Protein chains: 2
Amino acid sequence: MNDEQRLHFKHDPEACKASVNAVRDTLYVLSGKWKLPLIVSLTNGPMRFKDIQRALGEITPKILSKELRELELNEFVKRTVFPTTPVTITYELTPYSQSLDKVIVELRNWGLEHRKHIRESMRKRSEEE
Amino acid sequence: MNDEQRLHFKHDPEACKASVNAVRDTLYVLSGKWKLPLIVSLTNGPMRFKDIQRALGEITPKILSKELRELELNEFVKRTVFPTTPVTITYELTPYSQSLDKVIVELRNWGLEHRKHIRESMRKRSEEE
DNA sequence: GATACTACTATCCTAAAGGATACCGGTATC
DNA sequence: GATACCGGTATCCTTTAGGATAGTAGTATC
């Protein structure tokens, strides 16, 4: 193991703790079963509550409502009330939500590579027998 | 919102599902309270069970054992038994664990930026009052 | 022979996430 | 006036993650 490549955990315990906390923050805002699918279904434009529910398939209104509120708090989603009769309410991604793109791309790429890696090791292990 | 910048979720529903799953895989292997701190404490070299426990402070042996087993399954950690009397067992990061570095750096950077962002919005909101 | 250390496992318990189901007020439609 | 749709909330229940506590087999130390 080459220490030079582990810059972000280089032996300063303070910086190291700060790094761990920052990572945890990020994992937290993406955590849970529905945050990602929710962000994904909103990438095509604003949607109404029931439409999101239908798009996600299995989510109950309680959970959906909670997740949307959390995404709103983190400024990833904007809730808009239109004064039609009856009122229409839409949810849409904010420009700030785009800041997640790089992170998500990295997470996706690593996930894809990891699947390959696991398949490879399983193949090797079965050949050894 | 500019569609061009959302390449990874572009409207193909198949590719989109695959992306979400890949992201979920990655989040999964990093999930939990102890995976990150565990990886961090192993960056300085191999450690024995009790030493890891002492380094992390609060972790119980049951949890530590479980987390180590999971990290081993994902090939981030190698467990080695030395035939001393009594046996000595060490855990160390594998070369493959370095593949996580890029992901972790991105997660850390976004987390740091997000803190700034939140502080900024709170400042603005309090100024408006 | 009592105590202590290592590397764990086993059992029980708690808290949090998530889900099932029911309901609500408002409006529109038949 | 009955039914249906929208945007949720309220209540209860299950599952899971994580922790507390105790114990185990083997060895070494006093």
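The values are calculated or read from the model by the stated rules, or taken from the named source; none is laboratory data. Just so it is clear, the structure is predicted and the values come from calculations on it, not from any experiment. Counting neighbours? That spans all protein chains shown, and the Cβs are built from the backbone with ideal geometry, glycine included. Note: accessible area is taken over every heavy atom of the protein model, side chains too, but ligands, DNA and RNA are not part of it. Shrake-Rupley method; radii C 1.70, N 1.55, O 1.52, S 1.80 Å.
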* To do: Kindly flag which residue pairs out of A:LYS35/B:LYS124; B:LYS78/B:LYS102; A:LYS17/B:LYS33; A:LYS35/A:LYS102; B:LYS35/B:LYS102; A:LYS35/B:LYS102 have an alpha-carbon separation exceeding 18 Å in this structure.
  => A:LYS35/B:LYS124; B:LYS78/B:LYS102; A:LYS35/B:LYS102
* Pseudo-label separations to other copies for B:LYS50 - Cα-to-Cβ vector, 7 Å, nm -> 6.5
* **For A:ILE118, inter-copy label distances in nm, listed shortest first [label point 7 Å out on the Cα-Cβ vector]** => 3.0
* With every protein chain present, what accessible area does A:TYR28 have (1.4 Å probe, heavy atoms only), rounded to the nearest 10 Å²? -> 150 Å²
* Asked: Sorted from shortest, what are the nm distances separating the label point of A:GLU75 from equivalent points in the other copies, each placed 7 Å from Cα along Cα to C-beta?
  -> 4.1
* When chain A is turned about an axis onto chain B, which of its residues keeps its C-beta closest to that axis, and how many Å is it? -> A:GLU106, 2
* What quantity of accessible surface, computed with a 1.4 Å probe and excluding non-protein components, is buried in total between chains B and A, in Å² to the nearest 100? -> 5100 Å²
* To do: Would you mind giving the average projected area, over all directions, of the Cα convex hull of the range B:73-120 in nm² with one decimal?
  => 5.1 nm²
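Of B:THR26, A:THR85, which has the most accessible area with a 1.4 Å probe, and how do the rest follow in descending order? It would help to have the intermediate numbers written out before the result.
On the way: B:THR26 0, A:THR85 135 Å².
Sorted by accessible area, descending: A:THR85, B:THR26.
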* At 222 nm, what helix-only mean residue ellipticity would chain B give, in deg cm²/dmol to the nearest 500, using -39500 (n - 2.57) for each DSSP H run of four or more? -> -19000 deg cm²/dmol
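Tell me, what is the FRET efficiency for B:GLU127 and A:TYR28 to the nearest 0.05, using R0 = 30 angstrom and their Cβ-Cβ distance as r?
The pair B:GLU127/A:TYR28 has a calculated efficiency of 0.65.
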* Structure fact -> From most to least accessible, 1.4 Å probe, no ligand or DNA/RNA atoms counted, A:GLU113, B:GLU92 line up as A:GLU113, B:GLU92
* Asked: What's the FRET efficiency of B:LYS17 with B:THR84 using the Cβ-Cβ distance as r and R₀ = 51 Å, to the nearest 0.05?
  -> 0.50
* Alpha carbons only, please: Rg and Dmax for the protein assembly as shown, in angstrom. => 21.3, 80
* Rounded to the nearest whole Å³, what is the per residue volume of the convex hull around the Cα atoms of the range B:10-128? -> 162 Å³
* Structure fact -> With a 1.4 angstrom probe the carbon and sulfur portion of accessible area for the range A:9-128, in percent, totals 57 percent
* Neighbouring partner chain Cβ atoms per residue of A:14-20, average, 10 Å criterion -> 4
